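Let me begin by presenting the structure, written as structure tokens, before commenting on it.
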Amino acid sequence: MNWMHWVRPRLWTLLAMGTLLVALVFTFLSRRAFDHQQYLDLSLFDGADRFEQVLKSPPAFAAYRTASGAQELLGYVAFGAGPGYAGSIATRTLISPAGHIIAAEVLEHTETPGYIRAVLASDFLRRLRGKELADAFMVGQDLDGVTKATISSRGIAQGVRQASHAMGREEFGLTIPEPKIPVNIGLKEIVLTALLLLTVIGTQLRIPRLRWFVQIGSILFVGFWFNSTISLANVGGLLLGFVPPWRQNLWWYIWVLGIPLFTLVRGQSINCTWLCPFGATQELLAKVGGGQIRCRPEYEKRLRRVRFGLAWLAMLLVFLVGSPGVAGYEPFGTLFGFQGLVVHWITLVVILVGALFVRRLWCSFLCPVGVMDELTWKLGRRIRGLLKGRLDGGETEPKAGGTPV
Amino acid sequence: MKGSERIVFGLVLLAVVLILTTLYTEVKGM
């Protein structure tokens, strides 16, 4: 039968896509709203025996002690949420009857776990204690963010600000103006735009020498300075519908949306070979170690399928757990952000030592972002081929291969 | 299989084991 001829060579791809689609649908159907009730605990306030809701949105409650007959206000508990790097972060803020922050906590998140670990390991949450409800709670103004986890710190601050300002206005009668969130155009946005423009010029005008310049810039800035390598967490977050507010995350729109969009429109890979700082690091290591160890093409072709298996498993986990950060197994954050568990560090050492002898070990056999990149440029070429075929009035087969320039 | 191919296979296998351990650790820690 004709359709069997079409299905057979694509069986694994169809199965992989089908299972991911089912998992994605399952995630959306089973998605539950944040349930603050489970985090309302009387033991939060010493001697409290009753909560009374004082705000609906964001939810906030007053805690009372009524055992002695008289009603004594012990404090407030208010919930909030803010966007992180790859997902949302839910917070709980305890407020004293006088209107000071007693404590702030992270309750749930779909953020990249490494960044949350970095924030929790710092004294960021402790620095929120004692602040007043009308304070700005803005990283860079009255709060210092956590180095290499600035976006997560900003998300937590936003959750606390949301709760505090709502309580200040509604319960304490304070006049708190809406915070003016400036459009963030800083060094990060400028450098990322410059690197992207240089890449577009280099690939479109075919100037391969620019590639080394971009790669060095990428290692220094995208890697070590900003720690903003595109990761599976970004892709997973996007597929789960996470889009950060643009004013403070302009870089995200330039980088995480701009690169795949260019790849799709031009049918050409630019992330892996030009802009990825981890790929560039491996290329430098191969210059040092020779990078001469390789497989015969038939073995290499088979081994390269490992990337697809890992990317499929990771995406499946992202969808089933509903958290994009959980499956980001890339060692990018460990190298550039100096964050990670023991297993992350061991993986990084294995990959970097391996990359001395096997050229781009990670990219060739393991990188899930490479898989996404390949699927995107292939889709782009197919669309271009179809459009060209339609314009020419005939079928045009897209050109195979993934040459960067 | 040549010696160089064994090295590549070994490195990839080791990395896959570490990646699976990472995924297990992160999901378990949720």
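Taking A:GLN204, A:GLN158, A:GLN282 in turn, the Gaussian network model of chain A (Cα-Cα springs below 10 Å) assigns the largest fluctuation to A:GLN204. Across peptide A:108-118, the average count of Cβ atoms from other chains found within 10 Å of a residue's Cβ is 1. Using alpha carbons only, the radius of gyration of segment A:102-153 set against its Kirkwood radius gives Rg/Rh = 0.95. Beyond 25 Å, the tail of the calculated P(r) for segment A:79-211 holds 37 percent of the Cα pairs.
Among residues other than B:GLU5 with Cβ under 13 Å from its Cβ, the summed charge is +4 (Lys and Arg +1, Asp and Glu -1).
Note on chain A: with a GNM built from Cα contacts shorter than 10 Å, the maximum mean-square fluctuation among A:TRP312, A:TRP345, A:TRP12 falls on A:TRP12.
Would you mind estimating how fast segment A:178-305 diffuses translationally, via Stokes-Einstein at 20 °C and 1.002 mPa s with the Kirkwood radius over Cα pairs, in µm²/s?
131 µm²/s
Between A:LEU174 and residues 5 or more places away or on another chain, which pairs have amide H atoms under 5 Å apart, with H built 1.01 Å from N, and which residues are they? Answer set, sorted by chain and number: A:ARG169. Only alpha carbons enter this Debye calculation for segment A:263-390, each as an equal point scatterer, and the log10 of I(q)/I(0) it gives at q = 0.10 Å⁻¹ is -0.37.
Per residue of peptide A:326-334, the mean number of Cβ atoms on other chains within 10 Å of the residue Cβ is 3. With a sphere of radius 14 Å drawn around the Cβ of A:LEU313, what net charge do the other residues whose Cβ falls strictly inside it have (Lys, Arg +1; Asp, Glu -1)? Around A:LEU313, the charge tally is 0. Diffusion coefficient of segment A:236-301 by Stokes-Einstein, Kirkwood radius over Cα pairs, 25 °C, 0.890 mPa s: 166 µm²/s. Taking all Cα pairs closer than 8 Å and separated by 6 or more residues, the relative contact order of segment A:86-200 comes to 23 percent. When the Cα atoms of segment A:28-88 are aligned to their principal axes, the ranges along those axes come out at 47, 23, 19 Å in descending order. Scanning residues 5 or more positions from A:GLU108 or on other chains, those with amide H under 5 Å from its amide H are A:ALA90, with H placed 1.01 Å from N in the peptide plane.
Take each complete run of DSSP H in chain A, measure how far its Cα atoms stretch along the helix's own axis, and keep only those covering 20 Å or more with mean Kyte-Doolittle hydropathy at least 1.0; list them.
Qualifying helices, which must be both long enough and hydrophobic enough, are A:11-30, A:187-204, A:305-321, A:342-357.
For chain A, what's the relative contact order in percent, using C-alpha pairs closer than 8 Å and at least 6 residues apart? Computed over chain A, the figure is 16 percent.
Taking all protein chains together, A:LEU205, A:LEU107 sort by accessible area into A:LEU205, A:LEU107, largest first [probe 1.4 Å].
The mean number of Cβ atoms from other chains found within 10 Å of a Cβ in peptide A:340-352 is 4, as a whole number.
Roughly how many percent of the accessible protein surface of the protein assembly as shown is carbon and sulfur, given a 1.4 Å probe and a whole-percent answer?
That fraction is 63 percent.
Pairwise inverse Cα distances across chain A, averaged and inverted, put the Kirkwood hydrodynamic radius at 23.7 Å. Among A:LEU240, A:LEU192, A:LEU174, whose mean-square fluctuation peaks in a Gaussian network model of chain A (Cα, cutoff 10 Å)? Greatest mean-square fluctuation among the candidates belongs to A:LEU174.
Neighbours of A:TYR253, meaning other residues whose beta-carbon lies under 13 angstrom from its beta-carbon, give a summed charge of +1 when Lys and Arg score +1 and Asp and Glu score -1. Step through the table entries A:LYS131/A:LYS180; A:LYS287/A:LYS378; A:LYS287/A:LYS388; A:LYS148/A:LYS301, compare each Cα-Cα distance with 31 Å, and write down the pairs that go over it. Flagged as over cut-off: A:LYS287/A:LYS388; A:LYS148/A:LYS301. Where only DSSP H runs of four or more residues are counted, chain A gives -15000 deg cm²/dmol as its mean residue ellipticity at 222 nm, each run worth -39500 (n - 2.57). Scanning residues 5 or more positions from A:GLN248 or on other chains, those with amide H under 5 Å from its amide H are A:ASN184, with H placed 1.01 Å from N in the peptide plane. Considering segment A:6-117 at the alpha-carbon level, its Rg and Dmax are found to be 21.4, 78 Å. Normalising by residue count, segment A:88-131 has a Cα convex hull of 59 Å³ per residue.
The calculated FRET efficiency for B:LEU14 paired with A:GLN292, based on their beta-carbon distance and R0 = 22 Å, is about 0.65.
The values are calculated or read from the model by the stated rules, or taken from the named source; none is laboratory data. Predicted model only: the values in this text are computed from it and were never measured. Note: ideal-geometry Cβ built from the backbone for every residue, glycine included; neighbour counts use all protein chains shown. Heavy atoms of the whole protein, side chains included, go into the accessibility calculation; ligands, DNA and RNA do not. Shrake-Rupley method; radii C 1.70, N 1.55, O 1.52, S 1.80 Å.
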